[in-house]
Amino acid sequence: MPEQNVNIRNKKASHEYEFLEKLIAGIQLTGTEIKSIKLGKASLTDPYCYFHNGELFLKGMQVSEYWWGSYNNHEPKRDRKLLLHKKELQKLERKSQEKGLTIVATRLFVNEKGLAKIEIALARGKQDFDKRQDIKSRDHKREMDRAMKR
C-alpha cells in the first residue's frame, strides 16, 4: 500500500533554520486532500505557520488535486488548520512572538492509523556563517567516514 511509506520532508528547512523544539500536529483536511497525500502528491517547499484568532494555520504546503476528484476537488495551495492541544498552542504562540523565531513545517507523514500528521518546529533563522560552518562540519564528517572505511 502506498500510504505506508508517505514521508515528505522539507530539506531546505534544516539548512535555513536551527530547530529549537519539534511538535507533531494533525491537519484538518478534506477527503480529496488525504487521498492525494496518501499517493505522495504533496510538496513542502516553503511552508510556514501563522496564528489567526488563537488557531494555528499552515501556509505554503501544496497538495496536488486528486485525479478522480471531479468537482469535489480541493484548492492545491489553500491554508490548512493545524490541530494541537490548547496549551501547546498558547505555548507556541508565546514563543513565536520572540524576535527571530518562526514556526516551520519539517515533515509530512501518514501514521499507522492512516491519519496525516505534520512535524512542525519552532526555529531560528541561521546566519550565513552558521550555514558555512554546517557545510564544513558535514564535509569533515564525510571525509572521516571515508578514511575509516579504507
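The values are calculated or read from the model by the stated rules, or taken from the named source; none is laboratory data. The structure displayed is predicted, hence computed values, not measured ones. We place every Cβ from the backbone using ideal geometry, glycine too, and count neighbours over all the protein chains shown.
Only residues that are over 25 Å from Leu89 (Cβ atoms) and surrounded by fewer than 16 Cβ atoms within 10 Å (Cβ to Cβ) were counted in the range 113-139, giving 13.
Among the conditions (1) within 13 Å of the chain's Cα centre (by Cα); (2) at pLDDT below 90, Gln97 misses just one, which is (1). For the condition over 19 Å from Thr32 (Cβ atoms), in contact with a Lys or Arg (Cβ under 8 Å, 6 or more places away or on another chain) and either modelled with pLDDT of 90 or more or polar (S, T, N, Q) (or both), Leu89 does not qualify.
All conditions but one from (1) modelled with pLDDT under 90; (2) touching an Asp or Glu at 6+ places or on another chain (Cβ under 8 Å); (3) not polar (S, T, N, Q) apply to Ala105; the one that does not is (1). When Arg132 is tested against (1) modelled with pLDDT of 90 or more; (2) farther than 24 Å from Gln62 by Cβ, only condition (1) is not met. Does at least one position in the range 59-76 carry a residue that is at pLDDT 90 or above, surrounded by 13 or more Cβ atoms within 10 Å (Cβ to Cβ), within 18 Å of the chain's Cα centre (by Cα) and closer than 29 Å to Asp128 by Cα? Yes, some residue in the range 59-76 is at pLDDT 90 or above, surrounded by 13 or more Cβ atoms within 10 Å (Cβ to Cβ), within 18 Å of the chain's Cα centre (by Cα) and closer than 29 Å to Asp128 by Cα. Filtered by the rule that a residue be among the hydroxyl-bearing types (Ser, Thr, Tyr) and in contact (Cβ under 8 Å) with a residue 24 or more places away in the chain, the range 51-81 gives Ser64, Tyr66.
Got at least one residue in the range 66-77 being under 16 Å from Ala105 (Cα atoms) and in contact with a Lys or Arg (Cβ under 9 Å, 6 or more places away or on another chain)? Scanning the range 66-77 turns up at least one residue that is under 16 Å from Ala105 (Cα atoms) and in contact with a Lys or Arg (Cβ under 9 Å, 6 or more places away or on another chain). Is it fair to say Lys141 is within 23 Å of Arg9 (Cβ to Cβ) and either of a type in the set (A, V, I, L, M, F, W, C) or modelled with pLDDT of 85 or more (or both)? Taking the combined requirement at face value, the residue satisfies it.
Could you check, for the range 13-30, whether at least one of its residues is under 17 Å from Glu119 (Cβ atoms), of a type in the set (Phe, Trp, Tyr) and touching a Phe, Trp or Tyr at 6+ places or on another chain (Cβ under 8 Å)? No, the range 13-30 contains no residue that is under 17 Å from Glu119 (Cβ atoms), of a type in the set (Phe, Trp, Tyr) and touching a Phe, Trp or Tyr at 6+ places or on another chain (Cβ under 8 Å).
If you scan the range 108-124, which residues turn out to be out of contact with any Asp or Glu (no Cβ under 9 Å at 6 or more places or on another chain) and in contact (Cβ under 8 Å) with a residue 24 or more places away in the chain? Answer for the range 108-124, where residues must be out of contact with any Asp or Glu (no Cβ under 9 Å at 6 or more places or on another chain) and in contact (Cβ under 8 Å) with a residue 24 or more places away in the chain: Leu115, Lys117, Ile118, Glu119, Ile120.
Restricting to the range 20-57, and then to whatever is surrounded by 15 or more Cβ atoms within 10 Å (Cβ to Cβ) and closer than 30 Å to Gln133 by Cα, can you tell me which residue is modelled with the highest pLDDT? Top of the filtered list is Leu23.
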